[in-house]
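To start, the structure under review is shown below, and the notes come after it.
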Amino acid sequence: MNRVINDPDQVVEDSLKGYLAAHPDLLAATEHPRVLRRAGPKSGRVGVVTGGGSGHEPAFLGYIGPGLLDAVAIGEVFASPTAKSFDAAFAAADAGQGVACLYGNYAGDNMNVKMATRLAAKAGIEVKTVVANDDVASAGPHERDKRRGVAGEILMWKAGGARAAEGGTLDEVIAAAQKAIDQTRSLGIGLSACTIPAAGKPNFSIEDGSMEVGIGHHGEPGIAVMPTKPAAEMATLMVERIVEDLPFNRGDDVAVLVSGLGATPVMELYILYAHVDEMLRARGITPRHRFVGNYFTSLEMNGVSVTAMRLDAELDRLMAHPARSVGLTVLGS
Amino acid sequence: MNRVINDPDQVVEDSLKGYLAAHPDLLAATEHPRVLRRAGPKSGRVGVVTGGGSGHEPAFLGYIGPGLLDAVAIGEVFASPTAKSFDAAFAAADAGQGVACLYGNYAGDNMNVKMATRLAAKAGIEVKTVVANDDVASAGPHERDKRRGVAGEILMWKAGGARAAEGGTLDEVIAAAQKAIDQTRSLGIGLSACTIPAAGKPNFSIEDGSMEVGIGHHGEPGIAVMPTKPAAEMATLMVERIVEDLPFNRGDDVAVLVSGLGATPVMELYILYAHVDEMLRARGITPRHRFVGNYFTSLEMNGVSVTAMRLDAELDRLMAHPARSVGLTVLGS
Amino acid sequence: MNSVSERAAGSIVPDMVAAIVLEQGFLSEIDGKIGDGDHGINMSKGFRLAGERLSDGAGLGQGFTTLGDTLLGDIGGSMGPLYGTFFTEMADALNGAERIDAARFSAMLRAGVDTVADIGGAKPGDKTLMDVLVPAQAAFDAAHGRGEEFAACLTAMTAAAAAGLESTRDMVAKVGRASRLGERSRGTLDAGAASCNLLLATLADGLLRELGRGA
Amino acid sequence: MNSVSERAAGSIVPDMVAAIVLEQGFLSEIDGKIGDGDHGINMSKGFRLAGERLSDGAGLGQGFTTLGDTLLGDIGGSMGPLYGTFFTEMADALNGAERIDAARFSAMLRAGVDTVADIGGAKPGDKTLMDVLVPAQAAFDAAHGRGEEFAACLTAMTAAAAAGLESTRDMVAKVGRASRLGERSRGTLDAGAASCNLLLATLADGLLRELGRGA
Ligand SMILES: Nc1ncnc2c1ncn2[C@@H]1O[C@H](COP(=O)(O)OP(=O)(O)O)[C@@H](O)[C@H]1O
Ligand SMILES: Nc1ncnc2c1ncn2[C@@H]1O[C@H](COP(=O)(O)OP(=O)(O)O)[C@@H](O)[C@H]1O
Ligand SMILES: [Mg+2]
Ligand SMILES: [Mg+2]
Ligand SMILES: [Mg+2]
Ligand SMILES: [Mg+2]
């Protein structure tokens, strides 16, 4: 695999230098080398934090900014950040109003956040958490606590970040983020594997001509491997599964996010979106907020994910709230 | 190659449906199926138009929006749009103040724009053109008219679009865009080939472990194939060549754009940017506007391009002018 | 007879469409060796579309106009303008004439070749369709200058076109995609030259048929 | 002697670091068969860093604290918290004791195993380091319950740890990355179990050495 890197063990450090150099208006370093915070003075609001492994850019650090995240803990490629870095991110985000830690359901992250929360409590910082579990492929509907968090995390951050920007209390921010993820379902399709730079070779494979439905953001197994289908059928597979799972109902307004996994041409994301939009509308479901792009990637994996979130008045308002970040900018209306 | 498509001959049509469904606030259809225009009423200003082959998304249509482009002619994958579609784009953009057609230096585009300009003249629309030729790899410094237009086109559109939004005359818009591209130099490195969906197989190859310096946006040959270098050396190769070519001088302020070619992990673009930023500053050149991301791609090609534009007061102001589009949003300061 | 009816010659345009559609695979195959393998696709897409738009009983001029408009309006890339203006200019050069003789054909071909040269900027030796067009036109005009009959001029043209196509085999491409390969582009025919040879041969065959028919 | 000096046992911590660094290649190799091939990298990164931070003359408790803090503070992923709290809890369980006897060791090991079970949620049979930890602790406690000497308890522990590691060969992974492979994960040792066996064996060897030395 041909790469634009120096030492494969230093890719995270090396890329953080680039982020800080490119976006001094949005991002600032902290005392912890693996924690970035929002540039400028603290907001005085509830702090909104996330963290996760690297290799998903622009997630996670690309969503730091006004109306979104205040600080992010950054792990090695595809590995949870340390408990200490989560703790440092809490400290960087806390303005005395407490911290909402909105992260994804992975073993490492769960362990490290749990331990960081204890550390923060000792330091007098109140941390409450919401664990994203939007990936319908990773467990059945009655085992939602086993499901992974995937691209729906972005909508959770958007909701929580907007609620915090509105001046919500910690409980209000947590409630908004929890509602956001509870109303969100995602499903991905993988079309090629990816290679962790330090490992040097992919640790799973997807044959050309076959697709893995329900693949995770690190190549975790999906629910089925089948011959690659046309985009219209991929959309059917994904939309049906998502719609049934919540379920979404006729008359629902939704936010929709189609994300590439890294190497998928942008053109193809829009080909898929056309079908997703059409299928949702055919079911009486109206996409009111639409995001298409490489929002949550897995290095150079080829593939796509579809995410839908049912909106109520609050979530609709929170999606429309202005936000500015590397990965997502929403202008006030 | 595993793809998210239906009929490989219909990828452009199919993706346009998705663009229109996803971004009705920014994009609108026209009577010509291969021309999109800015949503909403005409600006009443000079129209700014471009066009080019598909497969470079978000270029070209992703730069339609306030402060940027008014209409875009859309070709097949890697093929110039027709003369008639350029002509239709001129008509869609014209508000009686004339049209600036800011496009890239490729044989097909040159021929089709030339013919479209004649058609438009017959219909009473005044069209003036600027031809981007920022790719230093494609010809020597004394044959600038032979050079291809690459990612620098985005800065040219930004400059021209902002000048038009300011209310500039056609000549002023053309002068700003011409100055922008004259002050801009780009160089790309290719790390893998790509496959036109209708062709089904790549029509060139780059071995793993070697890189093609100076590759074009459709896989056109570069100036050297050499063993893949660390990111720092890639940056040296690109920055030195670009800086010497203009030349950029100590004390210059610049806009810098690092773009992935499609499959490059975003993390790697930032690793490269860190070096580019450092090297420019070491030469007394200050990056004042910084863009890092997949701004101008070549389907799923792996690789990067670096673009720098020397700023004067006007170009600095035009870069900072608010703009909103799928590919680039700049908030007013 | 030393001329053909412009109206009757209109039947040659569907022949040209059929020839391109039939040879689509071959054209893509040679483009695949040193280009991107889509020349047959590009050409047959445009010609098929034009074929659908041809009006019944249209003459050669109207047929060429339809071909030219379709290529210009629907094909894009380089082939759209190159072959598009080639046919548009040839149609214009017919200038409403009711019969086509050697002099008229010569003027028509010259108009077509000139516009391809003007718009594409390629020269003979660059391994493009110019390597068919230029010798074909030269051979036609030379035969015509020697006072030979229209049919003999056409035969001279097709022989030169075929030789021109063959000459591209040993050339290094200087223009277009194949120029990427440099020396490696030697040893293969040029795809555009092949389609051009096919078009000229089909056109000449049709005219010879009409000349023979004495229409 | 049936106990060792906590201070003297501190010298075992560098041995554990050395063992992990030495076996890094082997650990990555087995992780590579059914995981992502980085277990040796992850472990040696953390242990090497901890090794650099060890203070001269530190006892076992302080050594484990350094190991635990480093893994927690610098490694992340799952290994950071699992091995990090494992060592941190074991250090806490020593509770400042000056000598370590079988009862103290048993309490220490139990604290370590309990926290890994608590934080990781894996059970024996899932093909993880629990398949080494749980039988190792059981064997130690059984020997201790039978009234055997500290040294004999340690020997029983290492034998059970080695057998536990070997037992993972025939298991289907239910936790972690290797669970992706389902049935295909059978037939290979578990990487975490291998590093855990190595750590317990090195710890036991060191304690036996100190016991032998009669320190
Ligand atoms: N400037 C030019 N003038 C004349 N012919 C050209 C020129 N550029 C390319 N060609 C012809 O175009 C042919 C390739 O056409 P095609 O495969 O349809 O387009 P593309 O190269 O865009 O895939 C070449 O074989 C060559 O004969
Ligand atoms: N929940 C868990 N509890 C105990 N051990 C675990 C758990 N999850 C994974 N492991 C262990 O982790 C090992 C892999 O570690 P390592 O390769 O360093 O991490 P990763 O799987 O993230 O690449 C496995 O061999 C297994 O023994
Ligand atoms: Mg082509
Ligand atoms: Mg071709
Ligand atoms: Mg790993
Ligand atoms: Mg591993």
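The values are calculated or read from the model by the stated rules, or taken from the named source; none is laboratory data. Note that the coordinates shown come from a computational prediction; the quantities given were computed from them, not determined experimentally. With ideal geometry, Cβ positions are generated from the backbone for all residues, glycine too; neighbour counts draw on all protein chains shown.
For this structure, a couple of remarks:
- Residues (part of a loop (DSSP other than H, G, I, E, B) and in contact with a strand residue (DSSP E or B) (Cβ under 6 Å, 6 or more places away or on another chain)) located in the range A:7-33: A:30
- With respect to being small (Gly, Ala, Ser) and farther than 30 Å from residue B:220 by Cβ, residue C:143 fits the description.
- Evaluated against (1) at pLDDT below 95; (2) more than 10 Å from chain D (Cβ to nearest Cβ); (3) on the phi > 0 side of the Ramachandran plot, residue A:67 falls short on exactly one condition, (1).
- Condition broken by residue D:82, with the remaining ones in (1) buried (at least 24 other Cβ atoms within 10 Å of the Cβ); (2) within 15 Å of ligand 6 (Cβ to nearest atom); (3) more than 17 Å from residue D:118 (Cα to Cα) satisfied: (3)
- Some residue of the range B:45-57 being under 19 Å from residue B:130 (Cβ atoms) and assigned to a helix (DSSP H, G or I): no
- Residue ID - farthest from the other protein chains (Cβ to nearest Cβ), chosen from residues in the range D:26-60 that are away from ligand 5 (no atom under 16 Å from the Cβ), surrounded by fewer than 22 Cβ atoms within 10 Å (Cβ to Cβ) and small (Gly, Ala, Ser): D:57
- The residues of the range B:258-292 that are facing chain A (nearest Cβ under 7 Å), touching a residue at least 40 places away in the same chain (Cβ under 8 Å) and assigned to a strand (DSSP E or B) amount to a single one, B:262.
- Matching entry among A:89, A:73, A:79, A:121 (being within 16 Å of ligand 2 (Cβ to nearest atom) and out of contact with any Asp or Glu (no Cβ under 6 Å at 6 or more places or on another chain)): A:79
- Some residue of the range D:178-187 being in a helix (DSSP H, G or I), hydrophobic (A, V, I, L, M, F, W, C) and more than 16 Å from ligand 3 (Cβ to nearest atom): yes
- For residue C:126, the conditions (1) within 26 Å of residue C:31 (Cβ to Cβ); (2) in a helix (DSSP H, G or I); (3) not small (Gly, Ala, Ser) all hold with the exception of (2).
- In the range D:104-111 there is no residue matching the filter, namely being within 10 Å of ligand 2 (Cβ to nearest atom), touching a helix residue (DSSP H, G or I) at 6+ places or on another chain (Cβ under 7 Å) and away from chain A (no Cβ under 11 Å).
- Test: residue in the range D:71-87 that is of a type in the set (Val, Ile, Thr), within 14 Å of the chain's Cα centre (by Cα) and within 10 Å of chain A (Cβ to nearest Cβ): yes
- Check on residue B:200, closer than 30 Å to residue B:8 by Cα and modelled with pLDDT of 95 or more: no
- Taking the criterion of being assigned to a helix (DSSP H, G or I) and either modelled with pLDDT under 95 or within 14 Å of chain A (Cβ to nearest Cβ) (or both), no residue of the range B:152-197 qualifies.
- If the condition is being under 15 Å from residue C:196 (Cα atoms) and surrounded by 21 or more Cβ atoms within 10 Å (Cβ to Cβ), then the range C:113-125 contributes C:113, C:115, C:116, C:120, C:122.
- From C:154, C:211, C:203, residue being touching a strand residue (DSSP E or B) at 6+ places or on another chain (Cβ under 8 Å) and closer than 20 Å to residue C:5 by Cα: C:211
Yes/no matrix, rows are residues, columns are (1) more than 16 Å from ligand 4 (Cβ to nearest atom); (2) more than 23 Å from residue D:76 (Cβ to Cβ); (3) at pLDDT below 95; (4) not in a helix (DSSP H, G or I):
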{"site": "D:111", "(1), (2), (3), (4)": "yes, no, no, no"}
{"site": "D:131", "(1), (2), (3), (4)": "yes, yes, no, no"}
{"site": "D:137", "(1), (2), (3), (4)": "yes, yes, no, no"}
{"site": "D:153", "(1), (2), (3), (4)": "yes, yes, no, no"}
{"site": "D:157", "(1), (2), (3), (4)": "yes, yes, no, no"}
{"site": "D:193", "(1), (2), (3), (4)": "yes, no, no, no"}
{"site": "D:196", "(1), (2), (3), (4)": "yes, no, no, no"}
{"site": "D:209", "(1), (2), (3), (4)": "yes, yes, no, no"}
{"site": "D:215", "(1), (2), (3), (4)": "yes, yes, yes, yes"}
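- The range B:78-87, subset of a type outside the set (Lys, Arg) and either in a helix (DSSP H, G or I) or surrounded by fewer than 24 Cβ atoms within 10 Å (Cβ to Cβ) (or both), residue nearest to the other protein chains (Cβ to nearest Cβ): B:83
- Annotation: of all residues in the range D:15-37 being touching a Ser or Thr at 6+ places or on another chain (Cβ under 7 Å) and free of Cβ contacts under 8 Å to residues at least 40 places away in the same chain, the one that is farthest from ligand 6 (Cβ to nearest atom) is D:21.
- Restricting attention to the range D:165-194 and to residues that are among the polar types (S, T, N, Q) and within 12 Å of chain A (Cβ to nearest Cβ), the residue that is surrounded by the fewest Cβ atoms within 10 Å (Cβ to Cβ) turns out to be D:179.
- Once the range C:38-55 is narrowed to residues that are modelled with pLDDT of 90 or more and charged (D, E, K, R), the residue that is farthest from ligand 6 (Cβ to nearest atom) is C:53.
- Selection from the range B:174-191 of residues that are in contact with a helix residue (DSSP H, G or I) (Cβ under 6 Å, 6 or more places away or on another chain) and of a type in the set (Lys, Arg): B:185
- Within the range A:128-159, the set of residues being surrounded by 24 or more Cβ atoms within 10 Å (Cβ to Cβ), free of Cβ contacts under 8 Å to residues at least 60 places away in the same chain and of a type in the set (Val, Ile, Thr) comprises A:130 only.
- The requirement of being more than 8 Å from chain A (Cβ to nearest Cβ) and part of a helix (DSSP H, G or I) is not satisfied by residue B:309.
- Filtered residue count, the range D:136-174, keeping only those that are under 14 Å from residue D:113 (Cβ atoms) and in contact with a Lys or Arg (Cβ under 7 Å, 6 or more places away or on another chain): 1
- Annotation: residue C:162 fulfils all but one of (1) closer than 17 Å to residue C:140 by Cβ; (2) surrounded by 21 or more Cβ atoms within 10 Å (Cβ to Cβ); (3) not basic (Lys, Arg); the unmet one is (2).
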